[in-house]
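Quick notes on the structure that follows.
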Amino acid sequence: MSQDYAFGNLQGTTFSVTLDNADVSTAREITPSESGQKIYITSFCISAVTAGNYWLQDEDDTQVTGKFYLAANGGVVMNFPKETPLEVVAGAALEVKGSVSGNTSVTVTGYKA
């Protein structure tokens, strides 16, 4: 479900998306780019069956988060205020990447503006 969103001068649409994949050692798109818009991340959760490093990046392989070392069956959850979200470069898709293959789940919420 998405809805229109306004914060300060930004007008956008909220989103919540989940990706389940068996192999993120090749980057997997979480949410597509929108021409001229940035993706603003207000929360994310990554869980993985296989121990390894996992991170969020844009489609040009620029890291949006640091690498999180997760133990087998581990996970990480982060929340950011709407005033200070993580940002993805305008026009770039958001991806998840890992150093190993194995079942991985990612949920991201935020807005595009």
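Could you check the stretch 52-71 and list, in sequence order, the residues that are surrounded by fewer than 16 Cβ atoms within 10 Å (Cβ to Cβ) and closer than 14 Å to Arg28 by Cα? So that I can check it myself, show each step before the final result.
The first filter runs over the stretch 52-71 and keeps only residues surrounded by fewer than 16 Cβ atoms within 10 Å (Cβ to Cβ), leaving 53, 60-63, 66-67, 69, 71.
Across the stretch 52-71, the qualifying residues are Asp60, Asp61, Thr62, Gln63.
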Quiz item: Which of the residues spanning the stretch 5-57 are farther than 14 Å from Leu94 by Cα, modelled with pLDDT of 95 or more and not in a strand (DSSP E or B)?
Solution: Ser25, Val49, Thr50, Ala51
Practice problem: Go through (1) under 18 Å from Asp20 (Cβ atoms); (2) surrounded by fewer than 16 Cβ atoms within 10 Å (Cβ to Cβ); (3) not β-branched (Val, Ile, Thr) one by one and return the number of the condition Glu83 breaks. | Solution: (1)
Exercise. Give the stretch 58-113 a look and list any residue that's at pLDDT 95 or above, within 17 Å of Ile39 (Cα to Cα) and polar (S, T, N, Q), or say none.
Key: Thr62, Gln63, Thr65, Asn79, Thr107, Thr109
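Report, by residue number, each residue of the stretch 63-113 that is of a type in the set (Ser, Thr, Tyr) and part of a loop (DSSP other than H, G, I, E, B). Walk me through it before giving the result.
Quick first cut of the stretch 63-113, residues of a type in the set (Ser, Thr, Tyr) only: 65, 69, 84, 99, 101, 104-105, 107, 109, 111.
Selection gives Thr65, Thr84, Ser99.
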Practice problem: Give Gly74, Gly102, Gly98 a once-over and let me know the one that is in contact with a strand residue (DSSP E or B) (Cβ under 9 Å, 6 or more places away or on another chain), at positive phi and buried (at least 16 other Cβ atoms within 10 Å of the Cβ). | Solution: Gly102
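The values are calculated or read from the model by the stated rules, or taken from the named source; none is laboratory data. Since we're looking at a predicted model, the values are computed, not measured. Because the Cβ atoms are built from the backbone with ideal geometry, glycine has one as well, and the counts that use them run over all protein chains shown.
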